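For reference, the structure is listed below as structure tokens.
The values are calculated or read from the model by the stated rules, or taken from the named source; none is laboratory data. Here the structure is a predicted model, which is why all the values come from computation and not from measurement. Heads up, the Cβs are rebuilt from the backbone with ideal geometry, glycines too, and the neighbour counts pull from every protein chain shown. Side chains are part of the model used for accessible areas, which takes the heavy atoms of the whole protein and leaves out ligands, DNA and RNA. Shrake-Rupley method; radii C 1.70, N 1.55, O 1.52, S 1.80 Å.
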Amino acid sequence: MSIKIQTLSGYMHEYQKSVLQPEAFWSRVAESFHWKKHWDEVVQWNFEEPKVEWFVNGKLNITENILDRHLYTHANRTAIIWEPNDPNEKTRKLTYKELYEQVNRFSNALRQKGLKKGDRVVIYMPMVPEAAIAMLACARIGAVHSIVFAGFSSTALADRINDCEAKVVLTSDENYRGSKTIPIKAVVDESLEKSPSVESVIVLKRTGGKVDMKEGRDYWWHDVVEGQSTECPAEEMDSEDMLFILYTSGSTGKPKGVVHTTGGYMVYTQFTFENVFQYSAGDVYWCTADVGWITGHSYIVYGPLLSGATTLMFEGVPTYPDAGRFWDIVDKHKVNQFYTAPTAIRALEAYGLKPFEGKDLSSLKVLGSVGEPINEEAWHWYHDHVGKGRCPIVDTWWQTETGGIMLSPIAGITPTKPSYATLPLPGIQPIIVDEKGKELKGNSVEGNLCIKFPWPSMLRTTYGDHERCRQTYFSTYKGMYFTGDGVKRDEDGYYRILGRVDDVINVSGHRMGTAEVENAINEHPLVVESAVVGYPHDIKGQGIYAYVIADMTNRTAANLENEIRETVNKIIGPIAKPDKVQIVSGLPKTRSGKIMRRILRKVAEGQTDNFGDTSTLLDPSVVEEIIKNRK
Ligand code: PRX
């Protein structure tokens, strides 16, 4: 049995132990798993290179801890409940035994396609159980999965396939999303024109829509699993062997492949899942994220399934066929823990209370929030109307890079405060620093959030470019992991995340680099230069505001704005489309040519004076024009 926190004093006690004796603490947690060979040392680390290893020389396979282990005790418990996009289509349920068999059959199929330990597989699939089966099958044979959210464009997909040189791509014919059908196999076909490393594509039949199948490259999922054995020996993995790569945006350059390894990720996601949500056997847990994001990895698939939980996967969107869909699903499957993003809460809030009519929601015990700061109003709405005032809200702060939840209340145990992620989980040692890296001690301080001690599920590197990992996370403040977030610690020692302090914006809980959006905009043939900033948006949290210098000879501004949006859609995907595009004749630059983003941010926020020190500004008339034509 792992450690299960049950009281506030229990939390404090475990937290103390985790800081004073981290090795003993994590040993105790890790002992509850099945290891093929015990580790020699709990942790070895330095944040200079950086080099971090957990459960050193331990051998295991994570799927044995998800599948084989649970067969002995609860083979017939439901592992996955799948709720389709269309409420009239049948729900699917897979027991642990069925999941075991399907994973093994698909693992054998992947091996037959020549996949070996260490090979990379890109998964570009809808939210169906086969997406989870695909992840686990990769892990079973030691292949490294890299999921790309199926809303990304063919260019974005090709970039990711090429960066990790994937051998195999897994996809489906089409994808349902609300009332729309999206031809995702066609997107894969387009991206493969630019991706020479891919040898095979396996296509799941989801809608039955027409697809082109390329002879010798493309195979149907149902054909490749046909006749495969339901037994597949699990590859022996080192604790530090790669489990997956997940691409995420940063403040510069192209998205980077965050690398997570096997042993530490397993231990931490299971531990945090069970504790934060206070999951008990038999509960039905539902996280509304997509498996294309880290939340889906850690808290739809790995954490819950490692805990032997029943995890619900939903294929659709919150507003289809109507804005009561989430609550219908909660009632239909008697969901106990519900985990979603503030943007979804705010979007539903806009529909008023009518969607709650006739809904019971009495099964709910715990509500979770993730992905962006939750504003107080949304927190109260969630608490009052969804949780009926009786369910604790766990506001969980973490990142793709952290692998698991870092700051969060323990449900029903840590007293909550609206919009506060409250306290660090056991093993997490946050530190607040000022711009110069000086620690801000005590309470009632505000600064940049760093972590000063390693935790088991932290990123190990960025794929193919370790120096970038060092630069991005470990060089700003010496000897610490820098999160990129601003934070406040209040008079009670509670943490409140204030948002990113770098050029990363968070749109509807999706992380976007401003440079990435600018690069996409600049692909438009008439664009000369652009600058992108975030601005507060009622539903999305942040919206994207683009200032663009363009050749207007043959276009009207309105035409060009739409074309620019379309260009971004094509190069990244719909989630990156700017909300506002302003055509400008110049950008505010310093004498040395640097764009003064601070000014652009303020104008986008609606502020038209008080720009601070503008003495280095090359041409003040540019700012006047920008203010005058503000969108
Ligand atoms: O700014 C923080 C915000 O989301 C960023 C991480 O984004 P991503 O890697 O896509 O992972 C999202 C899901 C874990 C963080 O740097 N963020 C995440 N959770 C919260 C949050 N901001 C405030 N409160 C949160 N609970």
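Here are a few things to note about the model shown:
- Of the residues examined, Leu449 is one that is aliphatic (A, V, I, L, M) and within 15 Å of the ligand (Cβ to nearest atom).
- In segment 384-403, the residues that are within 9 Å of the ligand (Cβ to nearest atom) and part of a loop (DSSP other than H, G, I, E, B): Trp398, Gln399, Thr400, Glu401, Thr402
- All positions within segment 187-206 that are surrounded by fewer than 17 Cβ atoms within 10 Å (Cβ to Cβ) and either among the β-branched types (Val, Ile, Thr) or within 17 Å of Met125 (Cα to Cα) (or both): Glu190, Lys205
- Scanning segment 548-579 for residues that are under 25 Å from the mean Cα position of the chain (by Cα) and open to solvent by less than 50 Å² (accessible area, probe 1.4 Å) yields Thr567, Val568, Asn569, Ile571, Ile572, Gly573, Ile575, Ala576, Pro578, Asp579.
- Flag if Ala604 is under 30 Å from the mean Cα position of the chain (by Cα) and either closer than 21 Å to Thr155 by Cα or free of Cβ contacts under 8 Å to residues at least 60 places away in the same chain (or both): no
- Checklist (1) surrounded by 24 or more Cβ atoms within 10 Å (Cβ to Cβ); (2) touching a residue at least 60 places away in the same chain (Cβ under 8 Å); (3) part of a helix (DSSP H, G or I) applied to Pro126, failing item: (3)
- Selection count, segment 500-515, where residues are within 11 Å of the ligand (Cβ to nearest atom) and open to solvent by less than 20 Å² (accessible area, probe 1.4 Å): 4
- Check on Pro321, free of Cβ contacts under 8 Å to residues at least 24 places away in the same chain and part of a loop (DSSP other than H, G, I, E, B): no
- Here Leu115 qualifies as in contact (Cβ under 8 Å) with a residue 40 or more places away in the chain, part of a loop (DSSP other than H, G, I, E, B) and surrounded by 20 or more Cβ atoms within 10 Å (Cβ to Cβ).
- The one condition in (1) part of a loop (DSSP other than H, G, I, E, B); (2) free of Cβ contacts under 8 Å to residues at least 12 places away in the same chain that Lys359 fails to fulfil: (2)
- Screening Gly412 with (1) assigned to a loop (DSSP other than H, G, I, E, B); (2) more than 10 Å from the ligand (Cβ to nearest atom); (3) surrounded by 22 or more Cβ atoms within 10 Å (Cβ to Cβ); (4) small (Gly, Ala, Ser) gives one miss only, at (3).
- Taking every residue in segment 427-439 that is assigned to a loop (DSSP other than H, G, I, E, B) and pairing it with any residue that is of a type in the set (Phe, Trp, Tyr) and surrounded by 17 or more Cβ atoms within 10 Å (Cβ to Cβ), at least 6 positions away or on another chain, the pairs with Cβ-Cβ distances below 6 Å are Gly427/Trp455; Ile428/Trp455; Gln429/Phe453; Gly437/Tyr477.
- Subset tally (residues that are in contact (Cβ under 8 Å) with a residue 60 or more places away in the chain, away from the ligand (no atom under 14 Å from the Cβ) and open to solvent by 20 Å² or more (accessible area, probe 1.4 Å)) for segment 250-280: 5
Yes/no matrix, rows are residues, columns are (1) among the polar types (S, T, N, Q); (2) more than 30 Å from Asp503 (Cβ to Cβ); (3) open to solvent by 10 Å² or more (accessible area, probe 1.4 Å):
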residue: Trp286; (1), (2), (3): no, yes, no
residue: Trp293; (1), (2), (3): no, no, yes
residue: Gly296; (1), (2), (3): no, no, no
residue: Val317; (1), (2), (3): no, no, yes
residue: Thr343; (1), (2), (3): yes, no, yes
residue: Arg346; (1), (2), (3): no, no, yes
residue: Gly352; (1), (2), (3): no, yes, yes
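- With respect to the conditions (1) under 26 Å from Phe149 (Cα atoms); (2) surrounded by fewer than 18 Cβ atoms within 10 Å (Cβ to Cβ); (3) without any contact (Cβ under 8 Å) to a residue 24 or more places away in the chain, Pro536 lacks only one, and its number is (3).
- Number of the condition not met by Leu306 [criteria: (1) touching a Leu at 6+ places or on another chain (Cβ under 9 Å); (2) open to solvent by less than 20 Å² (accessible area, probe 1.4 Å); (3) of a type outside the set (Asp, Glu)]: (1)
- Qualifying residue in segment 375-382 (condition: in contact (Cβ under 8 Å) with a residue 40 or more places away in the chain, among the acidic types (Asp, Glu) and open to solvent by 20 Å² or more (accessible area, probe 1.4 Å)): yes
- Every test in (1) more than 21 Å from the chain's Cα centre (by Cα); (2) surrounded by 20 or more Cβ atoms within 10 Å (Cβ to Cβ) is passed by Leu449 save one, and that test is (1).
- Subset tally (residues that are part of a loop (DSSP other than H, G, I, E, B) and in contact (Cβ under 8 Å) with a residue 24 or more places away in the chain) for segment 339-356: 4
- Residue list for segment 553-568, restricted to those being in a helix (DSSP H, G or I) and not small (Gly, Ala, Ser): Asn559, Leu560, Glu561, Asn562, Glu563, Ile564, Arg565, Glu566, Thr567, Val568
- Only one of the numbered conditions (1) assigned to a helix (DSSP H, G or I); (2) surrounded by fewer than 16 Cβ atoms within 10 Å (Cβ to Cβ) is not met by Glu518, and that is (2).
- Residue in segment 166-175 that is under 19 Å from the mean Cα position of the chain (by Cα), assigned to a strand (DSSP E or B) and not aliphatic (A, V, I, L, M) present: no
- Checklist (1) within 30 Å of Gly442 (Cβ to Cβ); (2) open to solvent by less than 60 Å² (accessible area, probe 1.4 Å); (3) within 16 Å of the ligand (Cβ to nearest atom) applied to Gly493, failing item: (3)
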